[in-house]
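What follows is one structure encoded as structure tokens, with my remarks underneath.
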Amino acid sequence: MKTNRIAKGLVALSAALALAACGTSLGSIADVGATTSSGTTSSAVATTATDGSYTIHAQADDVDYDASTAKTIALGSGNVEITEPGTYILTGTLSNGQVIVNSSAEGKVRIVLSNASITNSSGAAIDVRAADEVVVVLAEGTSNSLTDGSGYDTSGEDAADAALFSMADLTIGGTGSLIVTGNTADGIASKDGLVILGGTITVKAADDGIRGKDYLVIQDGTLDVTSAQDGLKSTNETDAQYGDIVISGGTVTVNAGDDGAHAEGDLAITGGTVTIAKSSEGLEGHTITIAGGSTSVTSSDDGVNASSGTGSTSGGGGGGGGMADDGSSLLISGGTLTVNASGDGLDSNGSITISGGTTSVAGPTGNGNGSLDSNAGITYTGGTLIAAGSAGMAEAPDSGNYVQANVSAPAGATIEVRSGDTVIATYTTIKAVANVVVASDHIVSGQSYTVTVNGSTTATVTAGQATGGGMGGGPRG
């Protein structure tokens with residue numbers, strides 16, 4: 001079984017992060033007297049895997065260079081080939097050609113884009129065929145673009161299949177801007193690791209937006225990704241060490257035709273602002289860790305889906321531990337997570353553990369899915385959770401400081417949990433709601449609470465006792 005290497009390290013790391021207040025964008029949730037937290041960038045995440053199982057190739061000074069010793073290449077007609085390590089400043093327009101990197105020597109190839117525009121009608125705009133490591137620097141104050149052709153052959157094992165393609169470890173950084181258009185397949189792709197340290201990067205892709213085979217690490221920058229398939233992706237499924245996505249800072253916006261972020265291994269968000277504005281499934285990975293930052297997910301299917309990818313079941317309709325545990329897990333220990341899902345809101349084919357942060361789930365209206373869905377149970381020990389959706393497959397934590405109630409609330413309604421005259425939590429719905437789960441440090445197991453909709457009492461419930469429907473809800477003992 002694949003170990004939860006990144007998740008374990010990040011849970012420990014989150015305790016050391018500096019936390020700041022942050023709000024939500026879909027509906028609203030308030031936990032009276034509680035502190036909402038989101039993580040800040042941690043440079044350690046972007047240099048090594050959290051358990052030391054492998055080293056991430058990028059260094060903070062990779063984007064530093066001395067222009068006086070660099071070679072400047074004025075783009076014009078024909079291909080440009082770089083055959084040895086060094087720093088190369090590219091400027092100007094190449095309207096029908098490509099930059100090829102084919103370096104067999106040890107050392108970084110640093111490509112500085114300085115108001116460079118590269119278009120190739122028959123392949124990748126930048127094609128790294130061989131190199132020890134490649135760094136693409138977006139020069140300060142410059143605007144750059146990379147565009148590949150439409151319909152070129154990508155069938156070979158090592159064939160370029162992105163506008164910016166690399167066979168080697170790839171790092172992108174700097175403070176300039178870059179527009180990448182992948183007309184045949186991906187926008188940016190590396191068949192090793194891919195690290196983004198900064199820049200303003202816009203990607204439009206006919207297939208996946210940004211893909212790193214071994215890992216995709218986003219430490220900083222402003223990314224706007226529109227893709228026909230997955231937005232962010234890490235694809236190594238043959239080596240259990242790899243296939244990871246880690247976002248520790250920056251601002252990331254994704255509009256995806258399929259998954260917003262898909263990791264064959266583990267997926268972790270420890271800082272930054274992540275908006276999955278459109279997706280089929282929002283976040284998917286074997287172990288998904290939310291330890292900081294502000295994350296918003298909108299999905300036509302599951303919002304967050306922890307899955308081994310090889311298990312006997314997929315998300316949706318499982319509810320309440322009625323299907324096999326595939327060893328996957330969803331861990332929420334900090335930050336703000338807001339989900340608007342038409343399928344399951346938080347879905348794990350294994351377990352769900354919530355120990356901190358603020359989580360708001362606007363789940364499905366159909367009874368075939370639930371706001372919360374796990375195959376191995378839900379453990380709640382801290383933070384704030386509200387999950388509002390349909391009642392047919394409703395699930396609650398196994399035990400602890402939560403209340404669950406069946407309600408009838410239209411979109412725009414205000415749901416409150418009260419202890420006498422004291423409001424413990426309040427939530428404004430963004431769609432019709434038939435069941436609500438609220439977990440909070442301010443709810444005491446065994447005590448009685450009332451749940452109101454627009455000021456009228458709907459239910460009186462005992463904390464720690466589930467009121468679910470179908471296969472969902474109920475402690476497992």
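When segment 323-341 is filtered for residues that are over 16 Å from Pro397 (Cα atoms) and under 18 Å from the mean Cα position of the chain (by Cα), the ones remaining, listed by number, are Ser328, Gly334, Gly335, Thr336, Leu337, Thr338, Val339, Asn340, Ala341. Scan segment 372-391 for residues that are in contact with a Pro (Cβ under 7 Å, 6 or more places away or on another chain) and not in a strand (DSSP E or B) and the total you get is 1. In segment 429-444, what residues are of a type outside the set (S, T, N, Q), open to solvent by less than 50 Å² (accessible area, probe 1.4 Å) and over 25 Å from the mean Cα position of the chain (by Cα)? Val433, Ala434, Val436, Ile443 - these are the residues of segment 429-444 that are of a type outside the set (S, T, N, Q), open to solvent by less than 50 Å² (accessible area, probe 1.4 Å) and over 25 Å from the mean Cα position of the chain (by Cα). Scanning segment 324-365 for residues that are aliphatic (A, V, I, L, M) and either surrounded by 24 or more Cβ atoms within 10 Å (Cβ to Cβ) or assigned to a strand (DSSP E or B) (or both) turns up Leu330, Leu331, Ile332, Leu337, Val339, Ala341, Leu346, Ile352, Ile354, Val361, Ala362. With respect to the stated conditions, Thr384 is under 25 Å from the mean Cα position of the chain (by Cα) and either crowded, with 22+ Cβ neighbours inside 10 Å or within 23 Å of Gly343 (Cα to Cα) (or both). Counting the residues of segment 296-320 that are assigned to a loop (DSSP other than H, G, I, E, B) and modelled with pLDDT of 50 or more gives 7.
From the list Ala405, Ala394, the lone residue that is in contact (Cβ under 8 Å) with a residue 60 or more places away in the chain and part of a strand (DSSP E or B) is Ala405.
The set of residues from segment 36-80 being modelled with pLDDT under 95, touching a strand residue (DSSP E or B) at 6+ places or on another chain (Cβ under 8 Å) and not in a loop (DSSP other than H, G, I, E, B) comprises Ser38, Val45, Ala46, Thr48, Thr55.
Restricting the first residue to segment 334-359 and requiring it to be farther than 13 Å from Tyr380 by Cα, which pairs with a second residue that is surrounded by fewer than 24 Cβ atoms within 10 Å (Cβ to Cβ) and of a type in the set (Lys, Arg) meet a Cβ separation below 9 Å and a spacing of at least six or different chains? Filtered contacts from segment 334-359: Asn340/Lys431. Every condition in (1) within 20 Å of Asp62 (Cα to Cα); (2) free of Cβ contacts under 8 Å to residues at least 24 places away in the same chain holds for Leu197 except the one numbered (2).
Residues in segment 253-295 that are under 17 Å from Asn236 (Cβ atoms), part of a loop (DSSP other than H, G, I, E, B) and either open to solvent by 30 Å² or more (accessible area, probe 1.4 Å) or among the charged types (D, E, K, R) (or both): Asp259, Glu264, Asp266. The set of residues from segment 81-96 being assigned to a strand (DSSP E or B) and open to solvent by 90 Å² or more (accessible area, probe 1.4 Å) comprises just one member, Glu81. Residues of segment 393-414 being β-branched (Val, Ile, Thr) and surrounded by 24 or more Cβ atoms within 10 Å (Cβ to Cβ), which ones? Hit for segment 393-414 is Val403, nothing else.
Of all the listed residues (Ile172, Ile179, Ile188), the sole one being in contact (Cβ under 8 Å) with a residue 12 or more places away in the chain, open to solvent by 30 Å² or more (accessible area, probe 1.4 Å) and not hydroxyl-bearing (Ser, Thr, Tyr) is Ile179.
The values are calculated or read from the model by the stated rules, or taken from the named source; none is laboratory data. Keep in mind that what you see is a predicted model, and the values were worked out from it rather than measured. All Cβ positions, even for glycine, are placed from backbone atoms using ideal geometry, and neighbour counts span all protein chains on display. What goes into the accessible areas is simple: the full protein's heavy atoms, side chains included, and nothing from ligands, DNA or RNA. Shrake-Rupley method; radii C 1.70, N 1.55, O 1.52, S 1.80 Å.
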